[in-house]
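See structure below.
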Amino acid sequence: MSSEKPLKKDPYAALRFKEFNTFLLLRFAMVFAWSMQFIIIEWQVYSITKDPLSLGIIGLMEVIPAISLALFAGHIVDQKEKKGLLVKCILAFSVISFGLFLLTWPVVIGDISTQTILYSIYFLVFLGGLVRAFLGPTIFSLLSLLVPKKVYPNAATWSSSVWQIASVAGPALAGFSITLIGVHWSMCTVFACSIFALLALSQIKKKPILNPKIGEPVMQSLSEGIKFVFNNKTVLGAITLDMVAVLFGGAIALLPIFAQDILKVGPEGFGFLRAAPAVGAFLTMIITAYVPLSKNAGLKLLSAIFAFGICIIVFGLSTIFWVSLIALFFSGVFDGISVVIRQTILQLKTPDHMRGRVSAVNSMFVGSSNELGAFESGLTARLMGTVTAVVFGGSMTLLVVLTTGIISPTFRKLDLRKDLEEHENGE
């Protein structure tokens, strides 16, 4: 019981550090911009091709470089100063966003063939995957340098919640902005968000490099990071479970099809569908800031992902707009719970000098599962039909959760209260 009291005492502990607040602003701006950009491009590409597989290709173009460079990026992050590296990542993203802004400008692309435009979009998305390989581990590592260790759990909760809200609020606004100002000026909004993130980052001071093995050979460094993850069953279990669940529950990538062809609600309805998970995620942020998820964390994680799978199935079967909205709302709630628990596990279980590499492994598993899920959904939608593909994905999510719960009683009984107590009592 005593381990729960410190968290309840100050749900805003991390927010009392100025640089952490700035970090939340820049993280929201970047995740918001990235997710908004992804949806705008999805809408544009599907409008051009009318092919579900083209939505999958977008995800594949981003995930290939993100996975390929993940481990190397983690090594670089652990070796370099975090703020300077993050500046480079945001600058690179800004250049890519500006390129997509030009590719959606009728004045610029007037005489360019549709195929050339399509391949150019794929190319810029591919470059974005290269940037993302470094961005995720850098942000994860920087967070731990902004607050004392005893505040890590609270910081992880706020950071995860901000990520969750931004990752669904961005696409939600994308749907509305496409209607109000068009694809081209919507991309301009994305570019503006990246510039805002860069300005916010200027308010954070440079941080020390905590890795005692500067100059360590790349292969030795990567091997150490991989061994840590695979030897830590708690970290591995959380990462693997979330990866597989999100991979098969990636029906959200097919929302343009539901909005245009199944529910027939157009860009406005598309915006509402994308906004529904955002509302659910916001509710999650409020609750988890006050109610710790440390007790029975493993069971709560399994339950949240199972419920997420149910929501995806309901959404896939629904032909009624308001039912689809409710299903997506609760998918945001349960996905938000999953993200907060997983990020808390990673922050508590990862040594400071290995955060870049562990985050890189995590990005290979979970961070890229959304894009792989988009490809899986696009491919199965083409082979099975859109509705069948969504139901299949949700069903596979349920199967993975049940299997994990049965074969891994240790993970099912995972409780983080002891870990939290140790961090609350130490700096």
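The values are calculated or read from the model by the stated rules, or taken from the named source; none is laboratory data. In this text the structure is predicted, and so the values were computed from the model without any measurement. Reconstructed Cβ throughout: ideal geometry from the backbone, glycine too, with neighbour counts over all protein chains shown. Note: areas computed on protein heavy atoms with side chains; ligands, DNA, RNA excluded. Shrake-Rupley method; radii C 1.70, N 1.55, O 1.52, S 1.80 Å.
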Unmet criterion (only one of (1) part of a helix (DSSP H, G or I); (2) touching a residue at least 24 places away in the same chain (Cβ under 8 Å); (3) closer than 20 Å to K82 by Cβ) for I117: (3)
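Taking the stated definitions as given, is V183 in contact (Cβ under 8 Å) with a residue 40 or more places away in the chain, not in a helix (DSSP H, G or I) and not aromatic (F, W, Y)? Before the answer, list the steps.
Values: in contact (Cβ under 8 Å) with a residue 40 or more places away in the chain: yes; not in a helix (DSSP H, G or I): no; not aromatic (F, W, Y): yes.
Answer is no for this residue.
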Hits in region 241-266 (condition: modelled with pLDDT of 75 or more and of a type outside the set (A, V, I, L, M)): P256, F258, Q260, D261, K264, G266
Test: residue in region 54-68 that is open to solvent by less than 30 Å² (accessible area, probe 1.4 Å), in a helix (DSSP H, G or I) and within 23 Å of L198 (Cα to Cα): yes
Single residue of Q79, Q44 found to be open to solvent by 30 Å² or more (accessible area, probe 1.4 Å) and over 16 Å from the mean Cα position of the chain (by Cα): Q44
Criterion: open to solvent by 10 Å² or more (accessible area, probe 1.4 Å) and within 18 Å of the chain's Cα centre (by Cα) - qualifying residue of F134, F123: F134
